[in-house]
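What follows is a short report on a single structure.
The values are calculated or read from the model by the stated rules, or taken from the named source; none is laboratory data. This is a predicted model, so every value here is computed, not measured. Neighbour counts run over all protein chains shown; Cβ positions are idealised from the backbone, glycine included.
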Amino acid sequence: MIVEERSIRSGLLKFTSYIILGILFVATIYPLFWTLMTSLKEYRLILKDPAALPSLSALTLHNYGIIWREGVSTFFFNSIFITVCTVIGTLFLSAMAGYGFARFKFRGSDALFLLFAMSLVVVAPSIMISEYLLLHFLHLLSTRIGIILLYWSGTAFGIIMTSNAFRGVPQDIIDTAHIDGCGEFTVFLRIAFPLIKPTLATITIFTLVWSWNTLIWPLLILQKLGQQTIIVALLGFLKGQYMVDWGCLTAGLSIGFLPMLVGYFFFQKYFVQGLTLGSMKG
Amino acid sequence: MQKYKTSFIKGPALFVLPALVIYVLFLVIPLMGSIGFSFFRWSGISLNDLKFVGLQNYKTIFLQDPVFWRALLNNLIFVGGAIVFQCTIGLIVALLLEQRLLFRNFLRGTYFLPAVVSLTIIGIVFEILLNPELGVLKGLLGRIGLGYFANPSQWLSDKNKAIYVLLAIQVWYGFGWSMFIFVSGLKSINPELYEAATMDGATGAKKIVYITLPSLKGTYAVAILFATLWAMRVFELPFIITRGGPGHATEVLATWIYSKGFTYTRVGYGSALATILLIFGISLSFLIFRYTGMGKGE
């Protein structure tokens, strides 16, 4: 009797779970799915019934063609350029500093580490205005190098992660390398750095996604249309240009999120790893 | 590895300096600038009209700026909403996914999907979806028989309801994050605890209440901290969808700083707002550290 009751209850629970999870799934997916779907439809089809699924024959890349020629190619490449530079720079700066903290004990190392860590609770809007003024003063406004340098100041997360990871590198490997005549930097680059690949992957992923998706800084800094990232362009130029051209607008939006979606699909393992790594610190 | 004791110059300088220099230049200095400028009155254009005014900006903000209070309230609504809705949904989903269900990993992966999409895109997408002229929602809800449900797009022009629409979108965006925080927290619970409980005759519900939930204490802290920090820096959704409107009803500190600092070029005033936001963020983080046992190890 008890066994039957238990399995009825657990069966009911599972059924309810599926329902809840299913509804959540649809709610999560639908907005993005609708955007993609609409971008592949022709304008009058959209107007006719915006929520309808297009038949396979009605799918068209027409909208993508238009916006790509009208400037989205530039915005897209800007995003790529800035993101790649940001990731590479942040990765190396963080790893080097992390190595420095892990390998050496020096006066003020704790204070310095804390100095970096404090940036984790500093929110971007708090430094918006003075950052803008600083960049203006350095003549780095309206330059892509300016925004990249700004992004390279976000090394705190990476430093915390790499210094932690480097601590796990066995001492003998380092000692052996020194005996073989390697200088400290070679030890870092050739030996320690490759050993913390999972951590590097995590830092890469988070930096990449953040850099691609962020709005505030490109909005403030990249004032010339030709330098803007796809995200800023969507908000300003593209929304204005294609305000009621739903097909083109959704195509632009899709170009803005598809790379991240695809990346997430292929590298989900690293996302999960990074998320679970990070929160285990609590 | 063991640490090798040395002075800064001989040892870590080469490694730490590059990151440090850029960090100090582009983060520490603007941070100090923000605090510093808050005591001045300046348009940011030429050094001629830079004028020291002491605490004047702060006085104006606290005593004569109703938008500031509205913005602060909205930020707190986001904080509250993030904790109550986002974290709770994240927790429930994480718990539900602990069962041996079909498509478990697929579902888990999907719920995180919004988090990799830019909030800007999410804002524009929802703006379109809620657009009454295009009527996507009408068409969709109509298909499933809920056609005459209240029109959410009307809520966006309602002074009191608009912020909750934005909050709903923010929760949609972030519950996957919170879920993952709980998923990893759940993973670190010792399974022996459950075995011992089963031997004592505990049922599923009892196990959850007495083992799972208490063991997640440290995880709550992380989830709440993250949710709070996001809520304090919320910018895109109010900026894009409602532009802080209708009539400042959805203004948040970040958009108000943007407004005052850039649209109205009141550098000092904006910096004072920024400093207040900063203090808020730091205080909330500190409180969370202190009162939720975070970082104390389990």
Checked the range A:153-165 for anything under 14 Å from the mean Cα position of the chain (by Cα) and more than 18 Å from A:Ser109 (Cα to Cα); matches are A:Gly154
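Please go through the range A:92-106 and give me each residue that is part of a helix (DSSP H, G or I) and surrounded by fewer than 20 Cβ atoms within 10 Å (Cβ to Cβ), ordered by number.
Of the residues in the range A:92-106, the ones part of a helix (DSSP H, G or I) are A:92-103.
A:Phe92, the sole residue that qualifies.
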Exactly one condition in (1) within 12 Å of chain B (Cβ to nearest Cβ); (2) under 23 Å from B:Pro30 (Cα atoms); (3) assigned to a helix (DSSP H, G or I) is false for A:Thr207; which is it?
(1)
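Within the range B:256-263, can one find any residue that is buried (at least 19 other Cβ atoms within 10 Å of the Cβ), in contact with a helix residue (DSSP H, G or I) (Cβ under 9 Å, 6 or more places away or on another chain) and farther than 21 Å from B:Asn75 by Cβ? Please lay out each step first, then the result.
Taking the range B:256-263 as the starting set, the residues that turn out to be buried (at least 19 other Cβ atoms within 10 Å of the Cβ) are B:256-261.
Add one more test, that the residue is in contact with a helix residue (DSSP H, G or I) (Cβ under 9 Å, 6 or more places away or on another chain), and what stays is B:256-261.
Imposing the further condition that a residue be farther than 21 Å from B:Asn75 by Cβ reduces the set to none.
No, every residue in the range B:256-263 fails to be buried (at least 19 other Cβ atoms within 10 Å of the Cβ), in contact with a helix residue (DSSP H, G or I) (Cβ under 9 Å, 6 or more places away or on another chain) and farther than 21 Å from B:Asn75 by Cβ.
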Run down B:Leu119, B:Leu96, B:Leu47 and say which single residue is surrounded by fewer than 16 Cβ atoms within 10 Å (Cβ to Cβ) and aliphatic (A, V, I, L, M).
B:Leu47
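Does A:Ser109 count as of a type in the set (S, T, N, Q), over 28 Å from A:Val209 (Cβ atoms) and either buried (at least 19 other Cβ atoms within 10 Å of the Cβ) or at the interface with chain B (Cβ under 10 Å from one of its Cβ atoms) (or both)?
Details: of a type in the set (S, T, N, Q): yes; over 28 Å from A:Val209 (Cβ atoms): yes; either buried (at least 19 other Cβ atoms within 10 Å of the Cβ) or at the interface with chain B (Cβ under 10 Å from one of its Cβ atoms) (or both): yes.
Spelling it out, A:Ser109 is indeed of a type in the set (S, T, N, Q), over 28 Å from A:Val209 (Cβ atoms) and either buried (at least 19 other Cβ atoms within 10 Å of the Cβ) or at the interface with chain B (Cβ under 10 Å from one of its Cβ atoms) (or both).
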Quick test for you: out of A:Val3, A:Val87, A:Val26, pick the one residue that is away from chain B (no Cβ under 11 Å) and at pLDDT 85 or above.
A:Val87
When you look at B:Thr275, is it at pLDDT 85 or above, in contact with a Ser or Thr (Cβ under 8 Å, 6 or more places away or on another chain) and surrounded by fewer than 19 Cβ atoms within 10 Å (Cβ to Cβ), yes or no?
no
Exactly one condition in (1) at pLDDT 75 or above; (2) in a helix (DSSP H, G or I); (3) not basic (Lys, Arg) is not met by B:Gly201; state its number.
(2)
Checked B:Asn105, B:Asn57 against criteria (surrounded by fewer than 19 Cβ atoms within 10 Å (Cβ to Cβ) and either among the aliphatic types (A, V, I, L, M) or not in a loop (DSSP other than H, G, I, E, B) (or both)); the one match is B:Asn105
Test of understanding: among B:Ser34, B:Ser38, B:Ser46, which residue is over 29 Å from B:Leu237 (Cβ atoms), polar (S, T, N, Q) and within 14 Å of chain A (Cβ to nearest Cβ)?
B:Ser46
Of residues in the range A:120-136 being touching a Lys or Arg at 6+ places or on another chain (Cβ under 9 Å) and touching a residue at least 12 places away in the same chain (Cβ under 8 Å), the one farthest from B:Thr263 (Cα to Cα):
A:Ala124
With the condition kept exactly as written, say whether any residue in the range A:10-22 is under 28 Å from B:Ala115 (Cβ atoms), of a type in the set (Gly, Ala, Ser), part of a helix (DSSP H, G or I) and in contact (Cβ under 8 Å) with a residue 12 or more places away in the chain.
no
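State which residue is surrounded by the most Cβ atoms within 10 Å (Cβ to Cβ) when the search covers only the range A:28-71 and only residues that are polar (S, T, N, Q) and more than 19 Å from B:Ile121 (Cα to Cα). Show your work before the answer.
Step one: of the range A:28-71, the residues polar (S, T, N, Q) are A:28, A:35, A:38-39, A:55, A:57, A:60, A:63.
Remaining after also requiring more than 19 Å from B:Ile121 (Cα to Cα): A:55, A:57, A:60.
Details: A:Ser55: 8, A:Ser57: 6, A:Thr60: 15.
Only one residue fits best here, namely A:Thr60.
Among the residues of the range B:230-247, which ones are within 12 Å of chain A (Cβ to nearest Cβ) and more than 20 Å from B:Val117 (Cα to Cα)?
Step one: list which residues in the range B:230-247 are within 12 Å of chain A (Cβ to nearest Cβ), which gives B:230-241, B:243.
B:Arg243, the sole residue that qualifies.
This table checks each residue for (1) assigned to a helix (DSSP H, G or I); (2) more than 23 Å from the chain's Cα centre (by Cα).
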site: A:Gly240; (1), (2): yes, yes
site: A:Val244; (1), (2): no, yes
site: A:Cys248; (1), (2): yes, yes
site: A:Ile255; (1), (2): yes, no
Considering only residues that are crowded, with 21+ Cβ neighbours inside 10 Å, in contact with a Ser or Thr (Cβ under 6 Å, 6 or more places away or on another chain) and under 20 Å from A:Leu135 (Cβ atoms), which ones fall in the range A:208-231?
A:Ser211, A:Leu215, A:Pro218, A:Thr229, A:Ile231
Within the range A:244-259, restricting to residues that are within 10 Å of another protein chain (Cβ to nearest Cβ) and over 26 Å from A:Leu208 (Cα atoms), the one that is modelled with the highest pLDDT is A:Trp246
Which members of the range B:79-104 meet the condition of being more than 9 Å from every other protein chain (Cβ to nearest Cβ) and of a type in the set (S, T, N, Q)?
B:Gln86, B:Thr88
Among residues of the range A:72-91, those that are crowded, with 18+ Cβ neighbours inside 10 Å and not hydroxyl-bearing (Ser, Thr, Tyr), counted
9
Filtering the range B:113-125 down to residues that are of a type outside the set (A, V, I, L, M) and either at the interface with chain A (Cβ under 7 Å from one of its Cβ atoms) or in contact with a Phe, Trp or Tyr (Cβ under 6 Å, 6 or more places away or on another chain) (or both), which residue is farthest from A:Leu261 (Cα to Cα)?
B:Thr120
Flag if A:Asn78 is out of contact with any Gly (no Cβ under 6 Å at 6 or more places or on another chain), more than 13 Å from every other protein chain (Cβ to nearest Cβ) and more than 30 Å from B:Met1 (Cα to Cα):
yes
Looking at the range A:161-179, can you tell me whether even one residue there is more than 11 Å from chain B (Cβ to nearest Cβ), crowded, with 21+ Cβ neighbours inside 10 Å and assigned to a helix (DSSP H, G or I)?
yes
Inspect all residues belonging to the range A:42-55 and state whether any of them is over 30 Å from A:Phe193 (Cβ atoms), of a type outside the set (A, V, I, L, M, F, W, C) and at pLDDT 90 or above.
no
Those residues of the range A:113-137 which are more than 25 Å from the chain's Cα centre (by Cα) and either crowded, with 24+ Cβ neighbours inside 10 Å or more than 7 Å from chain B (Cβ to nearest Cβ) (or both) amount to A:His136, A:Phe137
If B:Gly80 meets every condition in (1) crowded, with 23+ Cβ neighbours inside 10 Å; (2) under 14 Å from the mean Cα position of the chain (by Cα); (3) not hydroxyl-bearing (Ser, Thr, Tyr) apart from one, which number is that one?
(1)
